[in-house]
Amino acid sequence: GAVVSQHPSWVICKSGTSVKIECRSLDFQATTMFWYRQFPKQSLMLMATSNEGSKATYEQGVEKDKFLINHASLTLSTLTVTSAHPEDSSFYICSARPGKRANEQYFGPGTRLTVT
Amino acid sequence: SQKIEQNSEALNIQEGKTATLTCNYTNYSPAYLQWYRQDPGRGPVFLLLIRENEKEKRKERLKVTFDTTLKQSLFHITASQPADSATYLCALRVGTYKYIFGTGTRLKVLA
């Protein structure tokens, strides 16, 4: 149980284009989903917290107009990287919290974004 | 400044031995601390959660301790196996269900 999927697993796009990454909780409802970014040999950096039906809360230094997050249902959140640049190339990982009182979070397999 | 430190150097140990990984933090008072395993190119996998009022937590071959005075957590894997080779991350709860992650320690268990 507690499986989270991400799609696509990897994507290559040209500079200036937009890319959408989907995060789905497959066998549970996620009241909260988190989006992280991880650069090589570095830790996961929390980008934003997304609650179903409300606006995402972004961490300091993360541009909300560049990283659009939509949490349309209890099982789906999307991250859209708009006008991508090579410096946005990274490993993007989502996680989902199963229930209002759950402390654990379950991570997706990640999406490798390369901007050329 | 707030900081979470894990040994950045890789830890190599012989199969069958106990691996001990350290997570130190400053300027936090987390109510919860978690440990995750991450394999290359994959998302982290939740292993254990320990609360601030718990000194120790066990799950099969895993043991976590949490010393809020020292601001330190130790993560032990007993009878280690090559399959335990991975990067292990600690994470502190710093807000409402919000966690901050350490940089991780890469463990390699040698056969």
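One line per residue, one yes/no per condition, for (1) among the polar types (S, T, N, Q); (2) modelled with pLDDT under 95; (3) open to solvent by 30 Å² or more (accessible area, probe 1.4 Å):
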| site | (1), (2), (3) |
| --- | --- |
| A:Pro8 | no, no, no |
| A:Glu22 | no, no, yes |
| A:Met45 | no, yes, yes |
| A:Asn51 | yes, yes, yes |
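Sort out which residues of the range B:23-41 are open to solvent by less than 60 Å² (accessible area, probe 1.4 Å), in a loop (DSSP other than H, G, I, E, B) and more than 13 Å from every other protein chain (Cβ to nearest Cβ), and write them in order of number.
Of everything in the range B:23-41, just one residue is open to solvent by less than 60 Å² (accessible area, probe 1.4 Å), in a loop (DSSP other than H, G, I, E, B) and more than 13 Å from every other protein chain (Cβ to nearest Cβ), namely B:Tyr28.
Look at the range A:77-90 and say how many of its residues are crowded, with 16+ Cβ neighbours inside 10 Å and either out of contact with any Ser or Thr (no Cβ under 7 Å at 6 or more places or on another chain) or at pLDDT below 95 (or both).
Matching residues across the range A:77-90 total 5.
Just give me the residues in the range B:52-79 being among the basic types (Lys, Arg) and within 14 Å of chain A (Cβ to nearest Cβ), in sequence order. Show your work before the answer.
First pass over the range B:52-79, keeping only residues among the basic types (Lys, Arg): B:55, B:57-59, B:61, B:63, B:71.
Selection gives B:Lys57, B:Lys59.
Can you list residue pairs whose Cβ atoms sit under 8 Å apart, with the first residue in the range A:64-76 being on the phi > 0 side of the Ramachandran plot and the second being open to solvent by 30 Å² or more (accessible area, probe 1.4 Å)? Count only pairs 6 or more apart in sequence or on different chains.
Here the result reads none, with nothing in the range A:64-76 linked to a residue that is open to solvent by 30 Å² or more (accessible area, probe 1.4 Å).
Yes/no per residue for (1) in a loop (DSSP other than H, G, I, E, B); (2) within 14 Å of chain A (Cβ to nearest Cβ):
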position: B:Leu21; (1), (2): no, no
position: B:Gly43; (1), (2): yes, yes
position: B:Ile50; (1), (2): no, yes
position: B:Thr87; (1), (2): no, yes
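The values are calculated or read from the model by the stated rules, or taken from the named source; none is laboratory data. Remember, predicted model here, so these are calculated numbers, not experimental data. Glycine also receives a Cβ, built like all others from the backbone with ideal geometry; neighbour counts cover every protein chain displayed. Please note that ligands, DNA and RNA were not included when accessible areas were found on the heavy atoms of the full protein model with its side chains. Shrake-Rupley method; radii C 1.70, N 1.55, O 1.52, S 1.80 Å.
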